[in-house]
Every structure is written in structure tokens, then in C-alpha cells.
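A quick write-up on the structure given underneath.
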Amino acid sequence: MLPAELEEWMLSEGEPKYRAKQLFPRLHRGESPSEISNLGKRLQEKLAAAFTYHLPAVEQKLVSALDGTVKYLFALEDGNCVETVVMRYEHGNTVCISSQVGCRMGCKFCASTIGGRVRDLTPGELLGQVIAAQKDLGERISNIVMMGIGEPLDNYDNVLRFLHLVTCEEGLNIGARHISLSTCGLVDRILRLSEEELAITLSVSLHAPDDETRSAIMPINNRWGVDALLDACRVYFERTGRRISFEYTLIAGRNDSEANAERLAKVLNRHLRTREQTMPIHVNLIPVNEVDETGFQRSGRAAVAAFARVLESRGIRATVRRKLGSDINASCGQLRRTHLAKKEN
Ligand code: SAH
């Protein structure tokens, strides 16, 4: 519930409004109403009768000895599990949350999509990952990336409500500018998002410069091709003024040649740097994490460097993503899969 809704509920129960102001921040710190004794016994009982309060439970927790990255396998109320990762940066703790149990987008290199989509996460479960991680760590989380399991724009309404909740001043108060949402490219939803007046950062998983290469690894490209996707990105930038960053997973022999890089620079410049509009372009290069089931291999160091060089020479900022938590299997989808496989045996 948003603060105004909780107030309304209090009023409808004949309770004073200030009760909502008392309750809301503490719920968002991970306290259940039964623990908040200054609400009074009668109100606590009413709350218990009207609502359930569940935080994701820590099913498994791995801490990287290399860089302190923490990976949680969280169990939801119905026993389904999702992954949540906390990365420690100098500028603060960033949590990477999941948006669905599984995923139906079918990207060929991705572990999260192998068993399809089981269900969407509720706004409470999206928020609960942030609250539970912060509570377990005992440290403030200041940034959120929606890059875990699932396609956030395939769970649009719940994700939007979550964004309204997590940015609430009375709650976790994480500014929209500290939140990134990553999508494989649902064009209709990108356009819808551009009208929400939310200052979040959009990341687009591009992974290929042309339709032939992209369709071979990302089925969504059969619905919306590269041109339609980049057009939507331009509209998003024009409407929000927020630049978009592009993710590009480098897979040996599939999309990592210098010719691919030339084509990528060309198509990005053509769509995003028109005469009227020049969007700063940033490409995040990610050597693919090898997943047993997919058979894809990561590009070599020289190929990655050459790819980045071509982009830079065309005026496109390219960075190679630093790999965190490599000793704890911190990339999305893999821990949940191992857990499912164990349960089946
Ligand atoms: N569904 C959203 C967010 C989840 S995935 C999206 O597609 O953007 C977060 C990022 O990790 C995406 O860019 C995704 O393409 C990438 N990714 C998935 N599997 C990967 C792998 N095995 N190696 C490297 N990146 C991967």
C-alpha cells in the first residue's frame, strides 16, 4: 500500500491518520505489525486480521571472498525462489533484484529463461527483496538495478507500483535516479514507460547490431526489430531527457567481430544522433557468462578490447563490465537452477 492508501484504511477503521505515518516506515524497515508494539494491541489485531506480512526468507546466502558481493536465494511465500544480489561499490550498496519467477523471453544465452516463466512477482515481493537484503546486511542500500531474473517490462503494472513504493520518502526513499531498469526490448512498454514521468535509468539489452544476428539469440527481436527498438529508445530520450545505456553481451564468434562493432556504431549513431537530437551513448560490454545449457563461449580479452576500440573511435563510450562475485556464481539465474535441480533429485 502507498502511504495515502494506508491512511485511508486507517480512517475507514476509525483509526487516526497518524497511525499510518507510524506504521509505514517501520514496515519498510522490515518490521511486521506484530513487532510494532506502540501501535497498541487492538490495532495490531485488526492489522493481523486484514493483512499478511511476509518478507522473502533467506533460503541460501553466498558471500564472495573476492569482493564482498552477497547473493541471496530468497524463498517467497509460496515456496518459489528468486535471486537477489548486493554489490558493494564505493558509492554505496547496489541491490540487483528479480522481477519474475523465471522468464518467458527465451534469450539463448540466459539461464533465467530455461524453465520458462512461473509467475510475476507482486509489488510487495519486489520491495521485499530490497527490504530483506537491507535488513540482513544491516547496511543501507542506496541503488537498485532491475537486472535479476525476469523481464521487468513483462510485469509492468507491478513493477510500476514497486517503483512508486520504493521511492516514497516515508519508506526506503531511494531516488529514481538511483534506479536502473533493464529490458530485452518490449517496444510498446518502453513507449508507455516514457510517459510515466519517472526519472529512472533505462538499460536496453541490445546484444547485436542487426536483425539477423539479434533474432538468432533473442526471440523478442522477431516481434520488434533493431530499428523499431532504437526508434523507441530515441522517443524515450526525447520525452524523458534520460539517456539510455546499452548492454552488449559478447559471445565468441556470434556477435563479437570488429565488423559487428562497426555496424553497431553505425546503427546507434543513425537512430540516436539525428540532426535535432544527440543522445550520449554508452555501451556496456559484458563477456558472456558461460551457462552449461547454452554452449556459448565468452569472447577473448583481445576481441573485447578491439570491439571497445571500434566503438570509441566512432564516438561511443564503451566500458567492459567488471565481473563481481565470480566465486559465488553471482550471475542471474544460475543459483535458482542449481536449487531446482537439487529439489528434483
Ligand atoms: N530481462 C531483462 C533483465 C534481466 S537480465 C533484460 O533482458 O535486460 C540482465 C542482463 O544480463 C541482460 O542484459 C541480459 O541480456 C544479460 N544476460 C543474461 N544472461 C547472460 C549471460 N549468460 N551472460 C552475460 N549476460 C547475460
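Derivation of every value follows stated rules applied to the coordinates shown; laboratory data play no part. Nothing here was measured: the structure is a model prediction, and the numbers come from that model. Quick reminder, even Gly has a Cβ in these numbers, built from the backbone with ideal geometry, and neighbours come from all protein chains shown.
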Worksheet item: Given the rule -39500 (n - 2.57) for each run of at least 4 DSSP H residues, summed and divided by the residues of the chain, what is its mean residue ellipticity at 222 nm, to the nearest 500 deg cm²/dmol?
Response: -11000 deg cm²/dmol
Practice prompt. Compute from the Cα atoms of the chain the Rg and the Dmax, the latter being the longest Cα-Cα distance, and quote both in angstrom.
Written response: 21.3, 69
Practice prompt. Measure nothing fancy, just the Cα-based angle from helix 18-27's long axis to the longest principal axis of the chain, in degrees from 0 to 90, nearest 10.
Written response: 50 degrees
Worksheet entry | FRET E, pair residue 322, residue 282, Förster distance 22 Å, beta-carbon r, rounded to 0.05 | 0.90
Practice prompt. Would you list which lysines come within 25 Å of residue 61, measuring only between C-alpha atoms, while excluding same-chain residues fewer than 8 positions from it?
Written response: 71, 135, 323, 342, 343
Response to the item:
Once residue 266 and residue 137 are pulled to full extension, the length gained, defined as 0.36 nm per residue separation minus their Cα-Cα distance, is 42.0 nm
Worksheet item: Using 0.36 nm per residue, how much length does the chain from residue 222 to residue 239 gain when fully extended, once their Cα-Cα distance is taken away?
Response: 3.5 nm
Worksheet, complete the sentence: Toy charge model, Lys and Arg Cβ at +1, Asp and Glu Cβ at -1: the stretch 258-315 dipole around Cα centroid in debye, rounded to 20, equals 420 debye
Practice prompt. Report, in debye and to the nearest 20, how large the dipole of the chain comes out about its Cα centre when Lys and Arg carry +1 and Asp and Glu carry -1 on their Cβ.
Written response: 740 debye
Discussion item. Which one, 168, 152, 184, projects farthest toward the positive side of the charge dipole computed for the stretch 151-193 from Cβ point charges (K/R +1, D/E -1)?
Written reply: 184
Discussion item. Full-extension gain between residue 177 and residue 37, please, as 0.36 nm times their residue separation minus the C-alpha to C-alpha distance.
Written reply: 46.9 nm
Worksheet item: Distance from the Cα centre of the stretch 1-79 to that of the stretch 137-210, in angstrom?
Response: 22 Å
Item to complete: Please report, in debye to the nearest 20, how large the charge dipole of the stretch 184-323 is about its Cα centre when each Lys and Arg carries +1 at its beta carbon and each Asp and Glu carries -1 there.
Response: 500 debye
Discussion item. Could you identify which residue out of 86, 288, 101 has the top mean-square fluctuation in a GNM of the chain using Cα springs shorter than 10 Å?
Written reply: 288
Worksheet entry | residue 8 paired with residue 340, simple spin-label distance in nm, labels 7 Å along Cα-to-beta-carbon | 3.8 nm
Discussion item. Defining a contact as two alpha carbons under 8 Å apart and six or more residues distant in sequence, what relative contact order in percent does the stretch 1-52 show?
Written reply: 23 percent
Worksheet item: For the stretch 184-323, what ratio Rg/Rh do Cα atoms give with a Kirkwood hydrodynamic radius?
Response: 0.96
Worksheet entry | Inter-label distance, nm, simple model (7 Å from Cα along the C-beta direction), residue 89/residue 50 | 3.9 nm
